[in-house]
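Right, one structure below, let's go through it.
The values are calculated or read from the model by the stated rules, or taken from the named source; none is laboratory data. These numbers were taken from a predicted model, which means no experiment stands behind them. Quick reminder, even Gly has a Cβ in these numbers, built from the backbone with ideal geometry, and neighbours come from all protein chains shown. Heavy atoms of the whole protein, side chains included, go into the accessibility calculation; ligands, DNA and RNA do not. Shrake-Rupley method; radii C 1.70, N 1.55, O 1.52, S 1.80 Å.
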Amino acid sequence: MSLRIIVLLAVLTGTIGSPRPEADSADMKAHPNSVPETAEKTKSFVQEVLVVEKAEENVMATGELNVNHYPARRAAQVVQHYLNTRYGSPYRLLQVDKVHRGNAEDVADSGRKYKLEISVMDFISNITDKCSAEILFPRGEQQRSPQVQALCEEPLKINTKAQEEALYQQYKMNSSLLSAQYLPDSYGHIEPDMKPFWHLSIVAASFIMLNESSEDTLYNVAQVANITQLATENDQLKFDCHVLLHEMVSQEIIHWKLLFTWSPPDGVKVLQMEQLPHRHEGEKPPNTN
Amino acid sequence: METKTITVWILGLFQLILSSVLETSNSSFVESLESTQSYDYSKYHSMDEIYRWMQDVERGNPELVSSAVYGHTYEGRNITLLKLGLEDPEGREKKVIWVDCGIHAREWIAPAFCQWFVKEIVNSYKTNKKLEQMLQNLDVYVTPVINVDGYIFTWANDSTRLWRKSRSTPPAGSSCYGVDLNRNFNANWGMVGVSFDSCANNYGGKSPGSEPEAKAVMDFVGRMVNQTLCFLTIHSAGQLILMPYGHPEISAPNYDELVSVGEAAAVKMKKVHGMGYTVGTSPQILYPNTGSSRDWARLIGIPFSYTFELRDKGEFSHLLPEEQIQPACEEAYAGALSIITYVHEKTFNSSTLPNASVFRVAMMIWSTVMAVSLTTGVMM
């Protein structure tokens, strides 16, 4: 009987209660080096401006660039836009895959020159290609477009001639003119038939993105709001297109209207481009309830 | 005889009422469980659907999930979180993991991920011993959508899809709505990468925490700061894991550890579908900026604070196709779990377990000795 009590008590003790472990919290509290919050709040506006300028200067790295950091990434994006203006088509669109090496230096009186070794990927075929490029971002009173020279190993590796010709013939012969909105739609969806025109609009927009780029921007096409085919008397297909560009650094959406032509032998030619004003919502917002 | 019949009738009626009450509460439990099983996590959901889903998840998993409304948006809507946690059998103080999604309205993959994250935990904790242990030690607070007004606005029509900010009314003299909530937090507010123009997409508001959505997070997390181990804020796009600080001149005290934990997460993420995620501070790999929630969290002392920028790298940007929701969420889950597991192991399993078992054995011996002496004493 007493043995049973002993066993019972032992078992009971074993299942109840154990010490409260001290959480290893010592190194989670404010480290002696961390900047206390209050110090930041008291900085004056003037000081803030100085800090901003100094920060930007620090960031203008010269010499060998870190391939993961943004200066190389932004310069590579400019090369992407350049390559798409030259090689892009309804069936070929390139995007930066990786920056392998990068170098930047100031060029007296003209600007800043970047030299990059990058890989680009055709996001339709998923084939990658290696390119070396030089980008000159001009300095001066006028904001001029960057100048790019690029050489890729096999830019036209995937033969898209047959598909392009078929698309061209289909829309040249068609009595009704193409019209499409919101490529992709809000859910990221694009009808398969419309994909070539989404690609074509991005190629045309690449001319704008190339022109508008600087060391302080990173452009992508966010959406094609509208693409409308126009009748022509010549052998080109002609389109009027409204694109929404996303500029990463400011996080702005910038609207552009474009008039461009395309044919398989001539590629994309932009006839007119016009930035649409930043839309301020003077009117009442749509009923969201 | 008659009183007996009446008693039987009353008892029978009572039993009938009781069983029907039980059945309805049981059926709403079953209904909630079923509806969360049939919820399509590979589709984008409207705010109404997300609110309903949160109710269903809570009702269907009462032992794991509870909810809380911790603030209201500018337009007066609930800011709701789900709290995932199990009772700690040892009754110790629970530590906190914070996950929020949808600070920026157009980044639809982020709320999709928060829902996925909850679903994964709910579906696997019963069969995953490690996860179960972590949920006994940690409470995981998940806010599927912080910027509810902005998110609803992006669903209004095709032209509103790319809205980023909140929906606060224009300040005097302006016609532009909204504040960039991720520039409104009290962390070097207004210094870098932010605009004072209310029409700009990175407008930081009129003062730190002036926006109710940001204030709600700061108040709620602020009350739990001593228990909070990890703060994850989910965004898109770019495939980046951003560490504090957004100010280029300030370094987090645990910078090296933040890098190694971030890199480990990126490795786990790449294993899932081959997608690369770059790890670094915002001024290194994206752009300098201040007033972000991630910076605020690190500044008040939460040791592990990261911004996840999910897919993609520019092909679709914020308009990520629905067929990519599942793979994007799978890799993000692997990354988030990697960081949460590290933080858990560092806090709970680094030095406590061996001591606990030694203590337990000592207690058992002591109480056995006491019991013996008592009983023999009694016997005598």
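Remark on residue B:195: its backbone amide H falls under 5 Å from those of B:202, B:203, B:204, a criterion applied only to residues 5 or more positions apart or on other chains, H modelled at 1.01 Å from N. Placing dummy labels 7 Å off each Cα toward the beta-carbon, the span from residue B:256 to residue A:151 is 4.4 nm. Shape descriptor for the stretch A:169-248: Rg over Rh equals 1.02 (Cα atoms; Rh from the Kirkwood inverse mean 1/r). Once Rh for the stretch B:175-259 is found with the Kirkwood sum over Cα pairs, what is the Stokes-Einstein diffusion coefficient at 25 °C and 0.890 mPa s, in µm²/s? In µm²/s, the coefficient rounds to 169. Which one, A:222, A:239, A:249, projects farthest toward the positive side of the charge dipole computed for the stretch A:205-265 from Cβ point charges (K/R +1, D/E -1)? Farthest towards the positive pole: A:239. Taken over the stretch B:104-203, the ratio of Cα radius of gyration to 2.2 N^0.38 Å equals 1.42. How much FRET efficiency would the formula 1/(1 + (r/R0)^6) give for residue A:177 and residue A:266, where r is the Cβ-Cβ distance and R0 is 22 Å, rounded to 0.05? FRET efficiency, residue A:177 to residue A:266: 0.65. With each label modelled as a point 7 angstrom along the Cα→C-beta vector, the residue B:15-residue B:210 pair spans 6.8 nm.
Suppose R0 equals 41 Å. What FRET efficiency, 1/(1 + (r/R0)^6) with r the Cβ-Cβ distance, do residue B:226 and residue A:193 give to the nearest 0.05? After rounding to 0.05, the efficiency reads 0.10. In terms of overall dimensions, the C-alpha atoms belonging to chain B reach 85, 61, 42 Å along their principal axes, ordered largest to smallest.
Comparing B:263, B:211, B:345 in a Gaussian network model of chain B, where Cα atoms under 10 Å apart are tied by springs, the biggest mean-square fluctuation is seen for B:345. Remark: the stretch B:28-36, residue by residue, has Karplus-estimated 3J(HN,Hα) of 5, 4, 5, 4, 4, 4, 5, 5, 6 Hz, where x stands for each Gly or Pro and the curve is 6.51 cos²θ - 1.76 cosθ + 1.60 at θ = phi - 60°.
Close amide H partners of residue A:65, meaning residues 5 or more places away or on another chain with modelled amide H under 5 Å apart, are A:102, A:103, A:104. The residue B:219 and residue A:166 beta-carbon pair, evaluated with R₀ = 51 Å, returns a calculated FRET efficiency of approximately 0.25.
Taking the centroid of alpha carbons for each part, the stretch A:78-149 and the stretch A:187-219 are 15 Å apart. Taking 0.36 nm per residue of separation and subtracting the current Cα-Cα distance, fully stretching the chain between residue B:72 and residue B:323 would add 87.1 nm. Comparing B:260, B:251, B:159 in a Gaussian network model of chain B (Cα springs below 10 Å), the most mobile by mean-square fluctuation is B:159. Surface exposure of chain B, expressed per residue as accessible area with a 1.4 Å probe, stands at 40 Å².
Panel values: the stretch B:161-306, Kirkwood radius from alpha carbon pairs, Stokes-Einstein at 37 °C and 0.692 mPa s, translational diffusion coefficient 206 µm²/s. A cysteine counts as unpartnered when no other cysteine's C-beta lies under 4.7 Å of its own; in chain B this applies to B:230, B:329. Test of understanding: extend the Cα→C-beta vector of residue A:110 to 7 Å, then name every residue of the stretch A:145-180 with backbone N under 12 Å from that spot. A:147-149, by backbone N distance to the label point. Taking the Cα centre of the stretch A:70-121 as reference, the dipole from Cβ charges on Lys and Arg (+1) and Asp and Glu (-1) amounts to some 160 debye. Placing +1 on each Lys and Arg Cβ and -1 on each Asp and Glu Cβ, with no other charges, gives chain B a dipole about its Cα centre of roughly 580 debye. Given springs between every Cα pair under 10 Å in a Gaussian network model of chain B, which of B:200, B:214, B:105 has the largest fluctuation? Per the Cα network of chain B with a 10 Å cutoff, B:200 tops the list.
Close amide H partners of residue B:312, meaning residues 5 or more places away or on another chain with modelled amide H under 5 Å apart, are B:238, B:317. Cross-link pairs exceeding 26 Å between alpha carbons, from the set A:257/B:313; A:161/B:43; A:113/A:257; B:270/B:313: A:161/B:43; A:113/A:257. Between the alpha-carbon centres of the stretch B:174-234 and the stretch B:44-105 there is a gap of 20 Å. Heavy-atom accessible area buried between chains B and A is around 6200 Å² (1.4 Å probe, both sides summed). A compact globular protein would have a Cα radius of gyration near 2.2 N^0.38 Å; the ratio found for the stretch B:219-292 is 1.19. Both radii come from the Cα set of the stretch B:271-345: Rg as radius of gyration, Rh as Kirkwood radius; their ratio Rg/Rh reads 0.99. Note on residue B:28 and residue A:255: the model spin-label points, each 7 Å out from Cα along the C-beta direction, lie 4.7 nm apart.
Simple point charges give the picture: +1 on the Cβ of Lys and Arg, -1 on the Cβ of Asp and Glu, and for the stretch B:178-335 a dipole about the Cα centre of about 280 debye. Check each of the GluC sites (Glu not before Pro) in the stretch A:141-236 and keep only those in coil by DSSP with at most 14 other C-beta atoms within 10 angstrom; list them in order. Those satisfying the criteria are A:141, A:153, A:233. In chain B, the DSSP-assigned H stretches of four residues or longer account for a calculated mean residue ellipticity at 222 nm of -15000 deg cm²/dmol, using -39500 (n - 2.57) per stretch and the full residue count as denominator. Our analysis of the stretch B:1-148 gives Rg over Rh at 1.15, with the two radii drawn from alpha carbon positions and Rh computed by the Kirkwood formula.
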